[in-house]
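The structure appears below as structure tokens.
Quick note: the coordinates plus some simple rules give every number you see, no bench work behind them. The structure displayed is predicted, hence computed values, not measured ones. Virtual Cβ from ideal backbone geometry, glycine too; neighbours counted across all protein chains shown.
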Amino acid sequence: MMAAIILVCSVVFLLQFFVSYCRSLIAASVKHPLSAEVQDVTGIKTSASGEDFARVVQLLQLCPDRPEDRSGIQAIGAYFGLLGFVRSSVARLIPSVLAWTETERGQCTYFAAVTLERRIAFSRDMFAQQLET
Amino acid sequence: MAGAVLSELGRFRILSEYGFGSRQYQYFYFYSDAVLTIFLYFALIALYSHVFSEMKAERYVKMGALLLLGGTAAFTGAVVLQSSAKLVTHFVIELSQNLYFVGLVLTYVLWAAILKLRETRTRLIQLVLSLGVYFSLYAANYAIRNLYPPLSSVFVPLVQVFSLFLPLAWAYAFWRLPEEARLVPARLAVIPR
């Protein structure tokens, strides 16, 4: 009985913390303007769409990995999956939830685009360092 | 974090010397886990001190934390006394599990205080939220293993995956987020305030 109560509380708290954590990651990146180059590559000008997320993540995987970005992009990937689940279940019954999931999915894509920009800058720095040595 | 690194090195050494199924590895694993959980508990209390620093409430926070830790240990001891022959080992394992849940509840209270006090430091907010995710993953994992022991073969290895989350999330918070970064915490809440 006690273990069941702990399980239910943990899962409810986990969802709350996880969603808030992902939104804090997104909020930290949302003010970052995308360079013209990344806008051209991703097709994102001002606002992003959730439909582009998979494509931006594919572009991300083409760039050398940065350890400090890894947890962020994995967490946002999981959050995007959770939003997809909500969109195909609860959001069908409640239209306002559908609009909310669309906005959140778009912001996930924007986060991935900002991470892509950082990785491109990181790759450029590494390339410049190799040329110097 | 330094404690976690030392513990992992020790675990690796004992694992390579005695093997995964050995009693030495199991004892070392659970005892070091209990010590690390207590360290994490104090890290959480340090976050409380940061949030309540303007209210000059650090002394009360520390006293309350010590009382709660003592209370959790006493409760665990009372439960173990009724049911186990290997008192110390069982106590250490139970204490670790109970502290994960106490830590989770305390983190939730801290998150509520952050929302109420309109704390805006992005780094502090991310440290608290990632700690909440970490505690809830562990508490849920232990609860599932207690409810359905046959599922332990699936959920025990998951602990290794969960253990990566907190160092990575905190590394991100310290490396990527500038000290002066600010955000509005009410916008992060699942239920808008």
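With the contact rule set at Cα under 8 Å and sequence spacing of 6 or more, what percent relative contact order holds for chain B? Don't jump to the answer; show the numbers that get you there.
Details: 141 pairs, mean separation 38.3, N = 193.
This gives 20 percent for chain B.
To make sure I understand the rule: partners must be lysines, Cα under 28 Å from the Cα of residue B:62, and not fewer than 8 residues away in the same chain. Which ones qualify?
B:116
What is the extension gain from residue B:120 to residue B:66, computed as 0.36 nm multiplied by their sequence separation minus the C-alpha to C-alpha distance, in nm to one decimal? Walk me through the numbers before you get to the answer.
Values: separation 54, 0.36 × 54 = 19.44 nm, distance 2.76 nm.
The residue B:120-residue B:66 span can extend by a further 16.7 nm.
What are the principal axis extents of the Cα atoms in the range B:89-147, in Å, biggest first?
41, 17, 17
Please report the base-10 log of the normalised intensity I(q)/I(0) for the range B:1-83, using a Debye sum with one equal scatterer per alpha carbon and no solvent, at each q in 0.12 (1/Å).
Here log10 of I(q) over I(0) equals -0.53.
Could you tell me the center-to-center distance, by alpha carbons, between the range B:1-39 and the range B:93-155 in angstrom?
Using only Cα atoms to place each centre, the spacing works out to 21 Å.
Run lengths n ≥ 4 of DSSP H only: what is the helix-derived mean residue ellipticity at 222 nm for the protein assembly as shown, with -39500 (n - 2.57) per run over all residues, to the nearest 500?
Numbers: 11 runs with 260 residues, N = 326.
After summing the helix terms and dividing by residue count, I get -28000 deg cm²/dmol.
If you scale each eigenvalue of the Cα gyration tensor by 5 and take the root, what three semi-axes come out for the range B:33-76, rounded to whole angstrom and sorted largest first?
Value: 21, 13, 5 Å, ordered largest first.
Grab the Cα-Cα distance for residue B:74 and residue B:16, subtract it from 0.36 nm times how many residues apart they are, and report the gain in nm with one decimal. Each step should come with its number before you reach the end.
Details: separation 58, 0.36 × 58 = 20.88 nm, distance 3.55 nm.
Here the segment from residue B:74 to residue B:16 would lengthen by 17.3 nm.
For the pair residue B:147 and residue A:54, how long in nm is the line joining their label points, each one 7 Å along Cα→Cβ?
Modelled inter-label distance: 3.3 nm.
Using R₀ = 22 Å, calculate the FRET efficiency as 1/(1 + (r/R₀)^6) where r is the Cβ-Cβ separation of residue A:3 and residue A:70; round to 0.05. Kindly include the intermediate steps, with their values, before the conclusion.
Details: r = 33 Å, r/R0 = 1.49.
Efficiency, from the Cβ-Cβ distance: 0.10.
If exposed GluC sites (Glu not before Pro) are those in a DSSP loop with at most 12 other Cβ within 10 Å, what is the longest stretch of chain B that has none? Write out the running numbers ahead of the final one.
Details: sites that count: B:179, B:180.
It works out to B:1-178.
Just add up the charged neighbours of residue B:45: K/R +1, D/E -1, any other residue whose Cβ is under 10 Å from the Cβ of residue B:45. Spell out each step's value before the answer.
Values: positive: B:62; negative: B:58.
Residues near residue B:45 contribute 0 overall.
Over the Cα atoms of the range B:130-193, how large are the radius of gyration and the largest Cα-Cα distance (Dmax), in Å?
Taking only Cα atoms of the range B:130-193, I get Rg and Dmax of 15.9, 48 Å.
Shielding by partners for B:131-137, please: the mean number of other protein chain Cβ atoms within 10 Å of each residue's Cβ. Could you put the intermediate results ahead of the total?
Working: counts 2, 7, 11, 2, 4, 10, 4.
For this peptide, the per-residue mean of nearby foreign Cβ atoms is 6.
Could you quote the convex hull projected area for chain B, Cα atoms only and averaged over all directions, in nm²?
Values: hull surface 50.1 nm².
Across all orientations, chain B yields a mean hull projection of 12.5 nm².
Output the 0 to 90 degree angle, nearest 10, between the alpha-carbon long axis of helix B:58-83 and the longest principal axis computed from the alpha carbons of chain B.
30
Could you work out Rg/(2.2 N^0.38 Å) for the protein assembly as shown, with Rg from alpha carbons only?
On the way: Rg = 21.8 Å, N = 326, 2.2 N^0.38 = 19.8 Å.
The protein assembly as shown yields a ratio of 1.10.
Where Rh denotes the Kirkwood radius from the mean inverse Cα pair distance, what is Rg over Rh for the range A:67-133? Working shown, then result.
Details: Rg = 17.1 Å, Rh = 13.8 Å.
Rounded to two decimals, Rg/Rh equals 1.24.
May I ask you to list the aspartates and glutamates whose Cα is less than 14 Å away from that of residue A:45, ignoring any residue fewer than eight positions away on the same chain?
Partners within reach: A:37, A:117.
Using alpha-carbon positions, what is the distance between the centroids of the range A:1-19 and the range A:36-90, in Å?
Result: 28 Å between the Cα centres.
Taking each residue of B:103-113 in turn, how many C-beta atoms of other protein chains fall within 10 Å of its C-beta, and what is the average? It would help to have the intermediate numbers written out before the result.
On the way: counts 0, 6, 2, 0, 2, 5, 0, 0, 4, 0, 0.
Mean shielding count: 2.
Please enumerate, by chain and number, the aspartates and glutamates with C-alpha under 15 Å from the C-alpha of residue B:86, excluding those fewer than 8 residues away in the same chain.
By straight Cα distance, residue B:86 reaches B:94.
Counting residues in the range B:67-177 as N, plug N into 2.2 N^0.38 Å and put the Cα Rg over that result. Before the final figure, lay out the partial values.
Working: Rg = 16.4 Å, N = 111, 2.2 N^0.38 = 13.2 Å.
For the range B:67-177, the normalised Cα radius of gyration comes out at 1.24.
Given Cα pairs under 8 Å that are at least 6 residues apart, what percent is the relative contact order of the range A:23-133? Kindly include the intermediate steps, with their values, before the conclusion.
Details: 89 pairs, mean separation 50.8, N = 111.
It comes to 46 percent, rounded to a whole number.
If you average 1/r over every pair of different alpha-carbon atoms in the range A:1-99 and take one over that average, what Kirkwood value in Å do you get?
Its Kirkwood hydrodynamic radius stands at 15.9 Å.
Calculate one ³J(HN,Hα) per residue across the range B:150-158 by plugging θ = phi - 60° into the Karplus curve 6.51 cos²θ - 1.76 cosθ + 1.60, and present them in order as whole Hz with x for glycine and proline.
Listing the rounded values in order: x, 7, 4, 4, 8, 8, 5, x, 4 Hz.
Looking at the range B:94-171, which trypsin sites (Lys or Arg not before Pro) are in a loop (DSSP not H, G, I, E or B) and have at most 14 other Cβ atoms within 10 Å? If you can, show how the numbers build up before the last one.
On the way: sites: B:116, B:118, B:121, B:123, B:145; in loops: B:118.
Passing both the DSSP loop test and the Cβ count: B:118.
What's the FRET efficiency of residue A:15 with residue B:9 using the Cβ-Cβ distance as r and R₀ = 41 Å, to the nearest 0.05?
Here the calculated transfer efficiency is 0.75.
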